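Engineer: Handing you a structure now.
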Amino acid sequence: MAWRVKEERFNKENIVNNGNKFITGNGYMGFRGTLEEYTKNELVACNISGLYDRQGDKWREPINAPIGTFTTLIVDGEEYSVLSKEPTQHTQVLDIKEGIHRRNTEWDREKGKVIIKAERFLSLSNVHLICLKYTVLSEETCEIEINTGIDGDVWDINGPHLENYKLENDDEYIKVSTLTQELKVPVVVAEICKRDFEAEETILKTEKSVLRNIKFKADAGVEYTIYKYVSVYTGNDETKNIEAECLDVAVKAAENGYDKNYSEHVTKWNERWEVSDVIIEGNDDDQLALRYSIYQLHIIAPVHSNKLSIPARGLSGQTYKGAIFWDTEMFMLPFFLHTSPEVAINLVNYRIRTLQGAREKANYYGFKGAFYAWESQEDGQDACSDFNVTDVFTGRPVKTYFKDKQVHISAAVSHAIWETYKFTGDDDLLLNGGAEVILECARFYYSYAYFKEDKDRYEILDVIGPDEYHERVNNNAYTSKMVYNTLDIALKTLEILQDKYPEECLKLLSKIKFSKEEILSLIKFKEKLYVPMPDKKTLVIEQFSGYNQLEDCTLEEVKSRLLDPKEYWGGGHGVASTTKIIKQADVVLMLNLFKNEYSKEVKRANWEYYEPRTEHGSSLSPCIYALLSCDIGNAEWAYPFFVKTSNVDLTGESKQFAGSIYIGGTHPAANGGAWMSAILGFGGLKIQEGKITIDSKLPNSWNRLAFKVILRGEKYFIDINRDSNTGDSKVSILKTS
Ligand code: IFM
């Protein structure tokens, strides 16, 4: 079944990875794929989108809310938990079609089995709601106790973030209300538990948790089920009375009943899949991996809010500070643009909303305009630490220049706004802040650039490109090209505004004090900006000035120099820093973005040159190599990279540490990359000036690729069928309702 992810036995080693692999979510919150009896020690998390907190001088990170699904089982005085008792059978299943997590666990006792069956979902029809159905059966008569409630002792990396715990209950509900430490934002969780059997029930309270102890005599072979309706609210929600509304959601859900909540949730999932499903025929593993990647994108999509974006690790925890990186604009946005443009608009709105943070950052460094945060949180302030890695030998934090020098972030933001504008044709996006952001980004680059009199050109110096192993380099081809693109976009934006909206244009220019001279400077800057070009002989583009002089050794050689597997490869002393080994696609990313501007020979030469020198140490890398190989017509080169990117969260084979810092979690950029590789790569979908073209090259094992796209309100169904004997493809593009 290409809609299910399954694990058929319990393995303690997989607990952390399964938390990512079996994750559920609804854009408001993500719930790690953990079992009901787990606690913070097993990294249970109900991770909230867009609510951050700082504890002391530690990193600011997102909040994990109290866990309203916590449930343990005691049979005849003995605890039945996978953690303390090896089960005889265990399955954990994620149904990605319906966004539901299921587990079935059995233990053998002397006279029969004890079985737990549980399923839970984070509702798509009400993003505050989590529903859990928990069933126990014993094959022999016994005394059962279910302890279930809200576990407020949550997992934090740099916490604790919640304080002022208020625990409440009455006959019907239990509730835990807290405040965040830094900004005193309320976080409230309410739970209502229904059951269809008689039992004694008492309430147990500890410092941070409220539990119900449900005690009953169980008849042999009878199923006993509890239904939990858990509601989560925070002070970020636009509501007058959080506590009352939180409770109200749980009450209404309980009145609705489990099945009705479930069917409303499934209806929403069906609507999502109706436009976004991709059919691959010929290879079931690829079908599942791609659907799973799309599922991962859906569960983190801020459908309900235009104030939020998507963190680099989705809603799988606090890794990377729950911050928004360029991952969203460059790797995830295309999926949303093609399947749910309203989400794409929400994502770019987040950048428009956080422009002030970007202005402040530019100002802090002595520049003008908008320098977006490398790691952006709620107001666009930069959460990126000066010390992103820890030296594994000395335990000392190591200075990295990600925050200061990855200036390509502002270009990613402008690019995203422009792509969204082109795709949707929505002038409002430019008028309502988009143009302002683009102009401020262009202004930033003008103030950042150096004019070299002797060469009569502008250069972009002292930056970090996508390849983070080589810090503070000059003329990074990707960065310079993206700066050029920003200028191009800014000038085009001005033309559009001057042409169609002259009054608004004047207002904007005067609001941000953008003078005529400044516009002329941008034109000159664009004309004279140096962007590294392909070498005439080899066609290879030097990644940055001086790259060609670095040691040209193999990846294996660099690996063999590691003294510790967790050692950081980049920065001042990393094993890769003095070599040509790069972390992730850099020049190749540039060629893929501007594919119309470079010849096939140039693309091929650079792919062949850089691929063996790329560690793919970032999950953002493989998809770009897949895309460029498709572009040069080589689906078979692309295929292993597609497999890598689409399986990243299924296999869990990704970097878990940068130095000694945990960086595990889900990988939405790679998930977006999987969609791009399949649709834009193998499918060869191009949309230019509102016209769809297909230039497909399916991998050998695929005989069909079919998908939908939404373009300016119209839905198109694209079906590519490949004859496995001749290899020829037949393509149909149908407008559907
Ligand atoms: O944005 C990326 C970066 O390019 C490589 N390191 C991890 C970041 C978050 O995914």
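Engineer: Report the Cα centroid-to-centroid distance between the stretch 550-589 and the stretch 74-99 in angstrom, as an integer.
Structural biologist: First find each Cα centre; the distance between them is then 43 Å.
Engineer: For Asp284 and Asp552, calculate 0.36 nm times their separation in residues minus their Cα-Cα distance, and state this gained length in nm to one decimal. Numbers along the way, then the final one.
Structural biologist: Numbers: separation 268, 0.36 × 268 = 96.48 nm, distance 3.99 nm.
92.5 nm is the gain from fully extending Asp284 to Asp552.
Engineer: Need the C-alpha centroid separation for the stretch 161-214 versus the stretch 451-526, integer Å.
Structural biologist: Using only Cα atoms, the two centres lie 53 Å from each other.
Engineer: Quick one: helix 600-610 against the long Cα principal axis of the chain, what's the angle to the nearest 10°, folded into 0 to 90?
Structural biologist: On a 0 to 90 degree scale, this one is about 60.
Engineer: Give the order of Ile130, Ile294 when sorted by the count of other beta carbons within 10 angstrom, beginning with the fewest. Spell out each step's value before the answer.
Structural biologist: On the way: Ile130 28, Ile294 23.
Least crowded to most crowded, the residues run Ile294, Ile130.
Engineer: Relative to the first principal axis of the alpha-carbon coordinates of the chain, what is the inclination of helix 477-500, with its axis defined by its Cα atoms, in degrees from 0 to 90 and to the nearest 10?
Structural biologist: 90
Engineer: Can you give the relative contact order of the stretch 225-314 as a percent, counting alpha carbon pairs under 8 Å and 6+ residues apart?
Structural biologist: Numbers: 37 pairs, mean separation 13.8, N = 90.
Here the relative contact order equals 15 percent.
Engineer: Calculate, for Lys194 and Arg9, the FRET efficiency according to 1/(1 + (r/R0)^6) with r their C-beta to C-beta distance and R0 51 Å; round to the nearest 0.05. Don't skip to the answer; put the middle values down first.
Structural biologist: Numbers: r = 32 Å, r/R0 = 0.63.
E between Lys194 and Arg9, to the nearest 0.05, is 0.95.
Engineer: Looking at this model, which pairs from Lys537/Lys583; Lys215/Lys321; Lys175/Lys655; Lys194/Lys708; Lys166/Lys321 are more than 31 angstrom apart at the alpha-carbon?
Structural biologist: Working: Lys537/Lys583 26 Å; Lys215/Lys321 41 Å; Lys175/Lys655 38 Å; Lys194/Lys708 41 Å; Lys166/Lys321 27 Å.
With Cα atoms farther than 31 Å apart: Lys215/Lys321; Lys175/Lys655; Lys194/Lys708.
Engineer: Next question, about the same structure. Rounded to the nearest 0.05, what FRET efficiency do Ile663 and Glu168 give with R0 = 35 Å and r taken as the Cβ-Cβ distance? Could you check? Mind showing how you got there, number by number?
Structural biologist: Details: r = 38 Å, r/R0 = 1.07.
The formula returns an efficiency of 0.40 here.
Engineer: Using the basic label-point model (7 angstrom from Cα toward the beta carbon), what is the Met533 to Glu140 distance in nanometres?
Structural biologist: 8.4
Engineer: Now a separate question. According to the square roots a ≥ b ≥ c of the eigenvalues of the Cα gyration tensor, what is the shape class of the stretch 562-623, taking rounded for a/c under 1.5, prolate for a/b larger than b/c otherwise, and oblate for the remainder?
Structural biologist: Working: a/c = 2.94, a/b = 2.43, b/c = 1.21.
In terms of gyration-tensor shape, prolate.
Engineer: Right, something else. To the nearest 0.05, what FRET efficiency results for Glu245 and Lys455 with a Förster distance of 56 Å applied to their C-beta separation? Before the final figure, lay out each step's value.
Structural biologist: Working: r = 62 Å, r/R0 = 1.12.
For R0 = 56 Å, the calculated efficiency reads 0.35.
Engineer: Can you give the convex hull volume of the alpha carbon atoms of the stretch 79-134 per residue, in Å³? Before the final figure, lay out each step's value.
Structural biologist: On the way: hull volume 5.2 nm³, N = 56.
It is 93 Å³ per residue.
Engineer: Next up: Computed over the Cα atoms, what is the radius of gyration of the stretch 42-87 divided by 2.2 N^0.38 Å, N being its residue count? List each step's numbers first, then the result.
Structural biologist: Details: Rg = 16.2 Å, N = 46, 2.2 N^0.38 = 9.4 Å.
The stretch 42-87 yields a ratio of 1.72.
Engineer: Students often check this: by mean Cβ neighbours within 10 Å, which of 337-344, 683-690 ranks highest, and how do the rest follow? Walk me through the numbers before you get to the answer.
Structural biologist: Details: 337-344: 21.2, 683-690: 15.6.
Those peptides, ordered most packed to least, come out 337-344, 683-690.
Engineer: Beyond 32 Å between alpha-carbons counts as too far, so tell me which of Lys524/Lys603; Lys507/Lys715; Lys399/Lys452; Lys21/Lys492; Lys12/Lys228 fall in that bin. Could the numbers behind the result be given before it?
Structural biologist: On the way: Lys524/Lys603 29 Å; Lys507/Lys715 37 Å; Lys399/Lys452 29 Å; Lys21/Lys492 43 Å; Lys12/Lys228 26 Å.
Lys507/Lys715; Lys21/Lys492, as the Cα separations exceed 32 Å there.
Engineer: Follow-up. May I ask for the equivalent-ellipsoid semi-axes of the stretch 190-263, computed as the square root of five times each C-alpha gyration tensor eigenvalue and listed largest first in whole Å?
Structural biologist: Numbers: eigenvalues 153, 62, 13 Å².
Sorted largest first and rounded, they come to 28, 18, 8 Å.
Engineer: In nanometres, what is the gap between the two model label sites at Lys307 and Ile203, each 7 Å from Cα along Cα-to-Cβ?
Structural biologist: Those two pseudo-labels are separated by 3.1 nm.
Engineer: Run the helix sum for the chain: -39,500 (n - 2.57) per DSSP H stretch of 4+ residues, divided by residue count, reported at 222 nm to the nearest 500 deg cm²/dmol.
Structural biologist: Details: 19 runs with 227 residues, N = 737.
Calculated from helices alone, the mean residue ellipticity at 222 nm is -9500 deg cm²/dmol.
Engineer: Against the 2.2 N^0.38 Å scaling, with N counting residues, where does the chain land? I'd like the Cα-based Rg ratio to two decimal places. Please report the intermediate quantities before stating the final value.
Structural biologist: Details: Rg = 26.7 Å, N = 737, 2.2 N^0.38 = 27.0 Å.
Dividing the Cα Rg of the chain by 2.2 N^0.38 Å gives 0.99.
Engineer: What is the magnitude of the charge dipole of the stretch 1-47 about its Cα centre, with +1 placed on the Cβ of each Lys and Arg, -1 on the Cβ of each Asp and Glu, and no other charges, expressed in debye to the nearest 20?
Structural biologist: On the way: 7 positive and 6 negative charges, 28 e Å.
The dipole of the stretch 1-47 has a size of about 140 debye.
Engineer: For Lys361, go through the lysines and keep the ones whose alpha-carbon is under 16 Å away, minus same-chain ones fewer than eight residues off.
Structural biologist: Result set, ordered by chain and number: Lys403, Lys405.
Engineer: Just order 103-113, 699-709, 727-737, 551-561 by mean Cβ neighbour count inside 10 Å, highest at the front, would you? Don't skip to the end; give the middle numbers.
Structural biologist: Values: 103-113: 15.9, 699-709: 19.0, 727-737: 11.3, 551-561: 13.4.
The most tightly packed comes first, giving 699-709, 103-113, 551-561, 727-737.
Engineer: Provide Thr135, Thr267, Thr72, Thr178 in ascending order of the number of other Cβ atoms located within 10 Å of each residue's Cβ, fewest first.
Structural biologist: Exposure proxy ranking, most exposed first: Thr267, Thr135, Thr72, Thr178.
Engineer: Sticking with this structure for a sec: So for the stretch 600-737, averaging the separation of alpha carbon pairs under 8 Å that are six or more residues apart and normalising by length, what relative contact order in percent results?
Structural biologist: Working: 198 pairs, mean separation 22.9, N = 138.
Contact order relative to length: 17 percent.
Engineer: Return Trp418, Trp59 ranked ascending by Cβ neighbour count within 10 Å, so the fewest neighbours appear first. Spell out each step's value before the answer.
Structural biologist: Values: Trp418 22, Trp59 19.
So the residues, fewest neighbours to most, are Trp59, Trp418.
Engineer: How long are the semi-axes of the equivalent ellipsoid of the stretch 81-217, taking √(5λ) for every eigenvalue λ of the Cα gyration tensor, in whole Å from largest down? The partial results should precede the final answer.
Structural biologist: Numbers: eigenvalues 175, 76, 49 Å².
For the stretch 81-217, the semi-axes come out at 30, 20, 16 Å.
Engineer: With the Cα gyration tensor of the stretch 374-429 giving a ≥ b ≥ c as the square roots of its eigenvalues, does the rule (a/c under 1.5 for rounded; else a/b larger than b/c for prolate; else oblate) give rounded, prolate or oblate? Each step should come with its number before you reach the end.
Structural biologist: Numbers: a/c = 4.48, a/b = 3.25, b/c = 1.38.
Prolate, since a/c reaches 1.5 and a/b exceeds b/c.
Engineer: How far apart, in nm, are the 7 Å Cα→Cβ label points at Tyr364 and Glu182?
Structural biologist: A separation of 1.2 nm, rounded to one decimal place.
Engineer: Considering Cα pairs under 8 angstrom that are at least six residues apart, work out the relative contact order of the chain and quote it in whole percent.
Structural biologist: On the way: 1658 pairs, mean separation 82.3, N = 737.
Normalised by residue count, the contact order of the chain is 11 percent.
Engineer: Would you give the gap between the C-alpha center of the stretch 702-733 and the C-alpha center of the stretch 328-346, rounded to a whole Å?
Structural biologist: A separation of 21 Å, based on Cα centres.
Engineer: How far is helix 435-448 tilted, in degrees, relative to the longest principal axis of the Cα atoms in the chain, given as a value from 0 to 90 rounded to the nearest 10?
Structural biologist: With both axes taken from Cα atoms, the answer is about 60 degrees.
Engineer: What does the C-alpha gyration tensor say about the overall shape of the stretch 590-703? Classify as rounded when a/c is under 1.5, otherwise prolate if a/b is larger than b/c, or oblate.
Structural biologist: Numbers: a/c = 1.93, a/b = 1.56, b/c = 1.24.
Prolate, because a/c is 1.5 or more and a/b exceeds b/c.
Engineer: How long is the gain from Asp728 to Thr693 if the chain were fully straight, where each residue apart is worth 0.36 nm and the alpha carbon distance is subtracted? If you can, show how the numbers build up before the last one.
Structural biologist: Working: separation 35, 0.36 × 35 = 12.60 nm, distance 1.67 nm.
So the extension gain works out to 10.9 nm.
Read-outs throughout are calculated quantities, based only on the coordinates presented, and are distinct from any laboratory measurement. Source: prediction; values computed, not measured. Neighbour counts run over all protein chains shown; Cβ positions are idealised from the backbone, glycine included.
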